[in-house]
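Accompanying notes for the structure given below.
The values are calculated or read from the model by the stated rules, or taken from the named source; none is laboratory data. If you're wondering where the values come from, they're calculated on a predicted model, not measured in any experiment. Here the Cβ positions follow ideal geometry from the backbone for every residue, glycine too, while neighbour counts run over all protein chains shown. Calculation scope for accessible area: heavy atoms of the full protein, side chains included, ligands and nucleic acids excluded. Shrake-Rupley method; radii C 1.70, N 1.55, O 1.52, S 1.80 Å.
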Amino acid sequence: TYTVTAADDGGVDRGGEDTSRAFNWTLYVAAVNDPPTFSSPTIYLCEDPSDGDTYVIEHHVTDIFPGWFEEDQTVAFSVSPQSGDTALFTAGPFVDGDGTVRFKLAPTAFGAATFFLTGYDDGGVARLGVATTRESLTIIANRRPSFSLLAPVVTLVELSGAESAAFAVRAVRDVVLGPDGSENGTFVLVAVLARIPSARPWSAPVNDLEGLVADVAIDADTGMLSGSLGVLKYGQVVFSVSLSNAGGEGCSGGYSASLLQNLTIDVLTVNHRPSFDLAFSTQLVAEGARQTFPDIAINIAKGGWGEESQTVEFEYTILEGPPGLLEQMSILCEADVLSSACVSGTAFLQVTPAAHRWGTTVVGVWAKDDGGVARGGNDTSAVLNLTITVQSVNSAQSFR
């Protein structure tokens, strides 16, 4: 309340008055509602979101204040979409008066969504009062990248050609890359065990794949496993596989990589045909007794890489010449052993012509190993021709 008087500058001489009568004036300041204030930091889900679970984050909205001298007021909240992928949620989000946030994620949800968060108090809007405040609430679901292997073992077949060759086979499905999208998804493969060839023990760590496989990679968009195979190589390599992206925001990068899974590439051996050379293509033999000729077969090779332990047996067929000219014939690496490892790389000819027979015959000779023909393998060499000429020997006369 104010006392108000008016004064002029005429002075008070000769009994004059320069001040009016006093009046009282009262000023009333009516209360006007102030808007509430609060803080709504971003919600980071630093765990794999559980499909269909309801999340309750207590007192996440903080510093809820109705206004000065308005502590008896209550504050409530409403939520409405602002930006981002609101389809992440099947329910909510909702915010209670104490700042607790509740929502339910959709199955396999990941990503980010921002909502308008409006706070209301009950002070009204009389005399231009303000009862609402709008802020933003962002929720980021950091799903760890994940994937499934179609099978724990990818089977390939050893190459028999002259050059290495590329391979591509689908190995991965159900790729979930996380909130950063497929353009940021990368598979990381690290060789952790190897057995090359299978006759060797498992080795770890793996420093050299000895040309078995190279440039092995998995495409995150297609799930295709690709790389190149070496020639005449077989064995097994176990890769530790993980899927990473640039995700994990607000989680110190801890959710930017999937859990590790092991994928084995098993390159199955294919038997390769043995080979040899004939030291000479013609052999003279005297009729009658068994005769031995050393080193008729030379440069005997078992075939492919890792086939050193195979055994080799020589077979033959008569191509030309009189029947019955040869009573017995064999090509052996070791005496009296038909099938041998042929460590020396050479073999001798043992032949017995029929008694009282002579002439020339052409024999087709080939080598056969014990590696079999599975998966298109070949256990038989090329056929080489050996000409055997049995020369007559004068026989003693006989009489009775």
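Within the listed set Phe348, Phe69, Phe110, the residue fluctuating most in the Gaussian network model of the chain (springs between alpha-carbon atoms under 10 angstrom) is Phe69. Could you work out the relative contact order of the stretch 233-358? I mean the mean sequence separation of Cα pairs under 8 Å and 6+ apart, divided by the number of residues, in percent. Relative contact order comes out at 25 percent. Residues whose amide H comes within less than 5 Å of that of Gly304, counting only those at least five positions distant or on another chain, are His272 (H built at 1.01 Å from N in the peptide plane). Rolling a 1.4 Å probe over the protein heavy atoms gives the chain an accessible area of 54 Å² per residue.
Annotation: aspartates and glutamates with alpha-carbon distance below 19 angstrom to Lys233 (same-chain offsets under eight excluded): Glu158, Glu163, Asp208, Glu210, Asp215, Asp266, Glu307, Glu308, Asp369, Asp370, Asp379. In this structure, the amide hydrogen of Gly84, modeled 1.01 Å from its nitrogen in the peptide plane, lies closer than 5 angstrom to those of Thr114, counting only residues at least 5 positions away or on a different chain.
For Thr311, the residues whose amide H sits under 5 Å from its own are Asp370, ignoring neighbours fewer than 5 places away on the same chain, with H placed 1.01 Å from N. Would you mind classifying the chain by shape? Square roots of the alpha carbon gyration tensor eigenvalues, ordered a ≥ b ≥ c; an a/c under 1.5 is rounded, otherwise it is prolate if a/b is larger than b/c and oblate if not. Cα axes put the chain in the prolate bin. Applied to the stretch 311-318, the Karplus parametrisation 6.51 cos²θ - 1.76 cosθ + 1.60 on θ = phi - 60° returns per-residue 3J(HN,Hα) values of 9, 10, 10, 9, 10, 8, 8, 7 Hz, with x for Gly and Pro. Computed with a 1.4 Å probe on the full set of protein chains, the accessible area for His356 sits at about 130 Å². Please work out the FRET efficiency for the pair Thr222 and Thr100, using the Cβ-Cβ distance as r and a Förster radius of 56 Å; give the result to the nearest 0.05. Using R0 = 56 Å, I get an efficiency of 0.80. Remark: relative contact order (the stretch 1-114) = 24 percent; criterion is Cα-Cα distance under 8 angstrom and separation of 6 or more residues.
Each residue, Ile318 and Asp215, gets one label point 7 Å from its Cα in the Cβ direction; the gap between the two is 5.6 nm. Rounded to the nearest 20, the Cβ-based charge dipole of the chain about its Cα centre (Lys and Arg +1, Asp and Glu -1) stands at 2340 debye.
Here Tyr316 sits with roughly 90 square angstrom of accessible surface, probe radius 1.4 Å. Our coupling estimate for the stretch 26-41, obtained by passing each phi through the Karplus curve with A = 6.51, B = -1.76, C = 1.60 and θ = phi - 60°, is 10, 9, 9, 9, 7, 5, 10, 5, 9, x, x, 10, 6, 10, 10, x Hz, Gly and Pro reported as x. Rolling a 1.4 Å probe over the protein heavy atoms leaves Lys233 with an accessible area of roughly 50 Å².
Shape call for the stretch 41-162 from the C-alpha gyration tensor, a ≥ b ≥ c root eigenvalues: rounded (a/c under 1.5), prolate (a/b greater than b/c) or oblate?
Verdict is prolate for the stretch 41-162.
Counting only protein heavy atoms and a 1.4 Å probe, tell me what percentage of the chain's accessible area is made up of carbon and sulfur.
Values: 11280 of 21700 Å².
Reported share for carbon and sulfur atoms: 52 percent.
Nearest 5 percent is fine: what portion of the DSSP beta bridges confined to the chain is antiparallel? So the antiparallel bridges amount to about 85 percent of the total.
Suppose R0 equals 30 Å. What FRET efficiency, 1/(1 + (r/R0)^6) with r the Cβ-Cβ distance, do Gln82 and Ala31 give to the nearest 0.05?
Values: r = 33 Å, r/R0 = 1.08.
With R0 = 30 Å, the Cβ-Cβ based efficiency is 0.40.
When the Cα gyration tensor is reduced to axis lengths a ≥ b ≥ c, the ratio a/c is 1.5 or higher for the stretch 222-362, and with a/b above b/c it is classed as prolate.
Computed over neighbours whose Cβ is under 13 Å from that of Ser392, the net charge equals 0, Lys and Arg +1, Asp and Glu -1. Taking all protein chains together, Leu268, Leu117 sort by accessible area into Leu268, Leu117, largest first [probe 1.4 Å]. The residue among Val241, Ser20, Thr62 whose Cα reaches farthest toward the positive pole of the charge dipole of the chain, with charges on the beta-carbon of Lys, Arg, Asp and Glu, is Val241.
Please find, in a Gaussian network model of the chain (springs between Cα atoms separated by less than 10 Å), the residue of Thr19, Thr37, Thr317 whose mean-square fluctuation is greatest. Among Thr19, Thr37, Thr317, the largest GNM mean-square fluctuation belongs to Thr19.
Could you work out the relative contact order of the stretch 67-112? I mean the mean sequence separation of Cα pairs under 8 Å and 6+ apart, divided by the number of residues, in percent. Kindly include the intermediate steps, with their values, before the conclusion.
Details: 46 pairs, mean separation 15.9, N = 46.
The value is 35 percent.
Largest GNM mean-square fluctuation among Ser78, Ser244, Ser226, using the chain with Cα springs under 10 Å: Ser78.
For the stretch 143-159, the Karplus equation 6.51 cos²θ - 1.76 cosθ + 1.60, evaluated at θ = phi - 60°, returns couplings of 6, 4, x, 8, 6, 10, 7, 4, 7, x, 10, 9, 9, 10, 10, 3, 7 Hz by residue, with Gly and Pro reported as x.
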